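The values are calculated or read from the model by the stated rules, or taken from the named source; none is laboratory data. Since the model is a prediction, treat every value here as computed from it, not as a measurement. For neighbour counting, all protein chains shown are included, and Cβ atoms are generated from backbone atoms with ideal geometry for every residue, glycine included. The area values use the complete protein model at the heavy-atom level, side chains included, leaving out ligands, DNA and RNA. Shrake-Rupley method; radii C 1.70, N 1.55, O 1.52, S 1.80 Å.
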Amino acid sequence: MGDSQAAATRDPTPLPVSLAQHYRWLLTLANPRPTRLLDVGAGDGRLLQIARDLGIPHRVGLERKRRWRPFNPDFALTIADAQRLPFPNGTFDCVVENESLEWIKHPVRYLREAARVCAPGGLVITDDSDWDTLVYAVQDTARARRILRTFGDTGPNGWIGRTAPSLMRQSGLRDIQVHVRVIVEREFSPHTLGYYQAQVIDDWLRSVGDITPAQLDDFRADLHHTAQRGDYLFTLNRYICLGHPALATT
């Protein structure tokens, strides 16, 4: 199935509680519980770690490039293009992508591949954030609004979740379901999703240059001050779509 190890290693950091809860809920959507799971864009394997804890025995993660060794190396890691999945037809009971569709150049091509490697009666799941729904409680709302809007408009396709049902339909998937889940946090610390997301926003906007470094520094300071006052709030919408492969015809 390709490379079983990635090239680099990182120190493990705790998975945000809000994200762990989301992953557990996401995996319960596959009912009955799958025994063969493919995670496209698996990253460091956090979703597959939750899958292991839920008792899913056969887990495969797929990444396009060699980046790091997974935190829980008890699953197979394949290096390949999501638009050309290197698996036979019907290999998995469930194929899931988590915040990866926005990076895939031809999402319909990927979804067709996901349907192909999914067994009859299986499930294809997309799970993507909507960057337009990023909300931080801060004092300077005008600055936050400009920063978040610029990130959403200049980053990867942060609206992809809104089009996922249509993309699934175009790819031939059927019985499509749509769920919206709101992640909510009241704490701003290195172990929270909002803290991690703020760092992603900061790194991205410093590279594109549309927002000044001083504005980004002030935004981060505002987040810390709001948290110290006990007034912090972070919310983000995740769009989850489910589709079944078309029944084989003879």
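Per residue and in cubic angstrom, what volume does the convex hull of the Cα atoms of segment 153-193 have?
Details: hull volume 5.2 nm³, N = 41.
Spelled out: Cα convex hull of segment 153-193, divided by residues, is 126 Å³.
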Tilt relative to the chain, helix 193-208 - C-alpha long axis, 0 to 90 degrees, to 10: 80 degrees
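Under the 0.36 nm per residue contour assumption, what length would be gained going from the current alpha-carbon distance of K105 and A80 to full extension? Present the calculation step by step, with values, prior to reporting the outcome.
Details: separation 25, 0.36 × 25 = 9.00 nm, distance 1.42 nm.
The span from K105 to A80 would gain 7.6 nm if fully extended.
Based on the Kirkwood radius over alpha-carbon pairs, what value in µm²/s does the Stokes-Einstein equation return for the translational diffusion coefficient of the chain at 25 °C and 0.890 mPa s? Before the final figure, lay out each step's value.
Working: Rh = 19.0 Å.
My calculation gives 129 µm²/s for D.
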Globularity ratio of segment 98-244, using Cα Rg and 2.2 N^0.38 Å: 1.19
Rounded, prolate or oblate (a/c below 1.5 giving rounded, otherwise prolate when a/b exceeds b/c) for segment 153-237 by Cα gyration tensor: oblate
Difference of contour (0.36 nm per residue) and Cα-Cα distance, V184 to L54: 44.5 nm
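Nothing charged except the Cβ atoms of Lys and Arg (+1) and of Asp and Glu (-1): what's the magnitude of the dipole of the chain about its Cα centre? Round to the nearest 20 debye. Please list the in-between numbers first.
Values: 30 positive and 29 negative charges, 135 e Å.
In debye, rounded to 20, the chain gives about 640.
Going by the alpha-carbon gyration tensor, a ≥ b ≥ c the square roots of its eigenvalues, is segment 70-173 rounded (a/c under 1.5) or, if a/c is not under 1.5, prolate (a/b greater than b/c) versus oblate?
On the way: a/c = 2.74, a/b = 1.95, b/c = 1.41.
Prolate.
Determine the share of the chain's accessible area contributed by carbon and sulfur atoms, expressed in whole percent, with a 1.4 angstrom probe. Please list the in-between numbers first.
On the way: 6060 of 12080 Å².
Its accessible area is 50 percent carbon and sulfur atoms.
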Solvent-accessible heavy-atom area per residue, rounded to whole Å², over segment 78-234 at 1.4 Å: 47 Å²
Tilt relative to the chain, helix 17-28 - C-alpha long axis, 0 to 90 degrees, to 10: 20 degrees
